[in-house]
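Input: a single structure, listed below in structure tokens.
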Amino acid sequence: MGFDNWDEVRTAFQVARLGTVSGAAEALGVHHATVIRHVDALERRLGTKLFQRHARGYTPTEAGRDLLSVAQTTEEQFGQLASRIRGQGEMVAGELVITAITGVAELVMPVLADFQQQHPALTVRFLSDMRIFRLDYGEAHVAIRAGAAPEEPDNVAQPLARIRSGLFASRDYIERHGMPDGLNDMMAHRFITAEGPISRAPFHRWLTSEVPADRIRVRVSESRALEAAVTSGAGIGFLTTFQTAGRDDLVEVLPPRPEWDAPLWAVTHVDLHRTLKVQAFLQHLKAAARTWT
């Protein structure tokens, strides 16, 4: 397959990135029929299906994800090459895709907003989910992950911060049920914890091991719901120090412990790690993260 097929590869890359023919057509400035024709022609030439077609759009197959990975890297390299040829060097411009675990948006979004003010030609996409985005398939430039150090061989993982958490209750809850005096005294209280992916956090594991199951009266599947449950007086639950900073409607029941900390990592793919855009954002992110703890 030669250089004359690049338009088809570029079209398929946009379909994989955006998930729909109409989205790719708009991004490329072509008719949707052209997008379909390019994808069909490329699949015939490669002798394999690049996408699963369904009512909501197009989902890449394994071959399609491989194509996305190569095309993402190639697009980045072409962008850098074009900038160098124009004599401008690399620029912090175009699209910057950041993925993060749920619950850190209020930390990360101010950092992104400030970074974008410094680089107004930049378009930011912030994708928050508990699933692990595939950097090797070009799904993001930088991923912010929690827990043990990521070990994918082609990724670069850098320590970012340690998020501290303690047990909190609303002031209203304490007025109604009293302030627990130590762990044994807490056995008469109501607790809130998590289920699903966020329940793997060390403090949630501690709570479910220390508190009888019949005292856990509320379970939630995402961090903002947990915060809302504690704030509304439904029980005692874990909140991070950045969620509770400066709030007078919450009472600390147990202070943070080191074993409850959640390490955060900034993860990049080796192919994009040294690009100016990624390096500039990483420096900005790490400087901001020093203020999070």
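The values are calculated or read from the model by the stated rules, or taken from the named source; none is laboratory data. The structure presented is a predicted model; accordingly, all values stated were derived computationally and were not measured. Here the Cβ is made from the backbone with ideal geometry for all residues, glycine too, and neighbour counts use every protein chain on show. The protein model used for the area step is the full one, side chains on, heavy atoms only, and it has no ligands, DNA or RNA in it. Shrake-Rupley method; radii C 1.70, N 1.55, O 1.52, S 1.80 Å.
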Gain in span if fully extended, Thr59 to Gln158, counting 0.36 nm per residue against the direct Cα distance: 32.5 nm
Solvent accessible area, Å² - Asp214, 1.4 Å probe, full protein context: 100 Å²
Which of Ile192, Val70, Ala262, positive extreme of dipole for the chain (C-beta unit charges): Val70
For Val35, net neighbour charge (Lys/Arg +1, Asp/Glu -1) across residues whose Cβ lies under 11 Å away: -2
Between 0 and 90°, nearest 10: helix 62-85 axis offset from the chain longest Cα axis: 70 degrees
Label-point gap, in nm, between Glu210 and Trp6 - each point 7 angstrom along Cα→Cβ: 6.0 nm
GluC sites (Glu not before Pro) restricted to DSSP loop in the stretch 120-178 with at most 10 other C-beta within 10 Å: Glu151
From the coordinates shown, volume of the Cα convex hull per residue in Å³ corresponds to which of [x] 125; [y] 185; [z] 162: [z]
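Just to confirm the filter: which chymotrypsin sites (Phe, Trp or Tyr not before Pro) across the stretch 1-78 are DSSP coil and have at most 12 other Cβ within 10 angstrom of their Cβ?
Details: sites: Phe3, Trp6, Phe13, Phe51, Tyr58, Phe78; in loops: none.
Listed in order of number, the matching sites amount to none.
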Computed label-point distance, nm, for sites Thr102 and Ser232 using a 7 Å Cα→Cβ extension: 1.5 nm
Trypsin sites (Lys or Arg not before Pro) restricted to DSSP loop in the stretch 188-293 with at most 11 other C-beta within 10 Å: Arg274, Arg290
Spin-label model distance (nm) - Arg247 vs His177, 7 Å beyond Cα toward Cβ: 1.6 nm
Using alpha-carbon coordinates, inclination of helix 276-289 to the longest axis of the chain, degrees: 10 degrees
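Add +1 for every Lys or Arg and -1 for every Asp or Glu among the other residues with Cβ under 13 Å from the Cβ of Thr241, and state the total. Walk me through the numbers on the way to the answer.
Working: positive: Arg162, Arg164, Arg247, Arg257; negative: Glu106, Glu227, Glu252, Asp261.
Here the count lands on 0.
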The chain - charge dipole about Cα centre, Lys and Arg +1 at Cβ, Asp and Glu -1, debye rounded to 20: 220 debye
Modelled FRET efficiency - R0 25 Å, Ala287 with Ala148, Cβ distances, 0.05 increments: 0.55
Computed lengthening from Asp40 to Asp66, 0.36 nm per intervening residue step minus Cα-Cα distance: 7.7 nm
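Add +1 for every Lys or Arg and -1 for every Asp or Glu among the other residues with Cβ under 15 Å from the Cβ of Leu160, and state the total. Present the calculation step by step, with values, prior to reporting the outcome.
Working: positive: Arg145, Arg162, Arg164, Lys286, Arg290; negative: Asp261.
So the surrounding residues net to +4.
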